[in-house]
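A short worksheet on the structure shown next.
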Amino acid sequence: MQRIARFSLPILISVFGTMPALAQQGPDTSWVPNVARPAYPGGGPRVGIDEAHRNFHTATGNYRPFAELLRRDGYRVSASTQLVDALQEAGKQF
């Protein structure tokens with residue numbers, strides 16, 4: 001019996017002790033930002049959210065609430081899908 005307990009305790013700790021690590025990040029899709037006085041009501045600066053490095057944080061994914069807040073404040077939000085080097089070579093601002 002002691003032999004079983006000696007081997008099962010580390011297994012139970014490793015299985016149940018790592019369960020909180022399985023929780024995933026996710027956006028709060030129910031949050032609706034309210035901007036009473038937008039900083040740029042007529043179209044403000046452009047904000048590019050980096051999606052060129054296979055990030056899982058995207059303007060339509062986990063950063064969606066942040067991107068929506070920026071849009072409601074007047075910023076022009078877009079996905080930046082090109083690497084910075086490619087943007088520089090094309091002469092684009094980033």
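Just so it is clear, none of the values below were taken in a lab; they were calculated from the coordinates. All values reported here derive from a predicted model rather than from experimental measurement. Ideal geometry is used to build each Cβ from the backbone, glycine not excepted, and the neighbour counts take in all protein chains shown.
Only Cα pairs under 8 Å and at least 6 apart count here; give the relative contact order of region 32-83 as a rounded whole percent.
On the way: 78 pairs, mean separation 26.5, N = 52.
The value is 51 percent.
Can you pull out the trypsin sites (Lys or Arg not before Pro) in region 45-89 that DSSP calls coil and that have at most 11 other Cβ atoms within 10 Å? Display every interim value, and only then the final one.
Values: sites: Arg46, Arg54, Arg71, Arg72, Arg76; in loops: Arg54.
Passing both the DSSP loop test and the Cβ count: Arg54.
If you take the square roots of the eigenvalues of the alpha-carbon gyration tensor of region 20-74 and sort them as a ≥ b ≥ c, do you get rounded (a/c under 1.5), prolate (a/b over b/c) or oblate? Before the final figure, lay out the partial values.
Numbers: a/c = 4.41, a/b = 1.61, b/c = 2.74.
Oblate.
Could you give me the ³J(HN,Hα) list for region 37-52, computed from phi with Karplus coefficients 6.51, -1.76, 1.60 and θ = phi - 60°, whole Hz, x at Gly and Pro?
10, x, 5, 10, x, x, x, x, x, 8, 10, x, 8, 4, 10, 7
Under the rule of at least 5 residues apart or a separate chain, name every residue whose amide H is placed under 5 Å from the amide H of Gly44.
Tyr75, Arg76
Name the residues whose placed amide hydrogens come within less than 5 Å of the amide hydrogen of Asp50, ignoring near sequence neighbours (fewer than 5 apart) on the same chain.
Excluding prolines and chain starts, which carry no amide H, the hits are Ser80.
If you plug each phi of region 62-68 into the Karplus form 6.51 cos²θ - 1.76 cosθ + 1.60 with θ = phi - 60°, what whole-Hz ³J(HN,Hα) values come out, in order, with x for Gly and Pro?
Taking θ as phi minus 60°, the curve returns 5, 8, 4, x, 5, 4, 5 Hz for region 62-68.
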